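Comments concern the structure below.
No value in this document is a laboratory result; all are computed from the given coordinates. Values in this document were obtained by computation on a predicted structure and should not be read as measured data. Please note: Cβ atoms are built from the backbone with ideal geometry, for glycine as well, and neighbour counts cover all protein chains shown.
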Amino acid sequence: MARRWLVLVLLAVVGWSTAALAFNLLETAGPAGAQQVALTFGFGLATTELGEAGTWYLVPQGRVVIGLLQGLDLGIHSGWSTEIGTGAVNWLGTLVDVKITSVHAPDMYTLAWGAGGGYGLDFFGHGWGVFVQILFESHSPLLPIFVNYRSILPFDGTTFVAEGYLAGGLCLRLAPIARLLLVVDVYHGLASLGLGLEIAF
């Protein structure tokens, strides 16, 4: 157990110091497992507006998932945005969530739901709020897809209007402890492309 935590800390230091990642929903429905830890590092590409007027960003991002019990996971997600062209860096915030597995058929699919909150509810890091989400993951080797839908309730101080955040992509198994996540997120009519490497212990 001590060796596992040592490797976890070393990977976190390396990941936070070298990765270029984006605030995408790099999360699948599959449970981490009791007393297991999973780290996800990746990067994404997002824009404020399509066309010449838009500003493009790469965003350093990471996610830690701790399996509290079988089918009950605690997740912590944070990142930074880097403006392409100027190199300006901004912290996007930190989100904390809990995920509960509803159905887990290892050779078929997993269905889960969750809830959380924090600061930085989208890939541009806007504001405080809470969210609920539903997650689906296919375990078919021919179609290893995952889909997440997150309903966000931002606390902007004036109105309380729920907003939808949809993500989907491929989950490719590289090794028994490693998966590659390819994802497209859609929020406010804009899309962000993401790539993440998940390592589990």
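With the simple spin-label model, which puts each label point 7 Å out from Cα in the Cβ direction, the Ile145 to Leu69 separation comes to 3.3 nm. Taking each residue as 0.36 nm, the span from Ser102 to Leu166 lengthens on full extension beyond its C-alpha to C-alpha distance by 21.1 nm. Shape of the stretch 83-148 from its Cα gyration tensor (a ≥ b ≥ c, root eigenvalues): rounded if a/c is under 1.5, otherwise prolate when a/b > b/c, or oblate? In terms of gyration-tensor shape, oblate. Simple spin-label estimate for Glu83 and Ala115 gives 3.8 nm between the two label positions (7 Å along the Cα-to-Cβ direction from each Cα).
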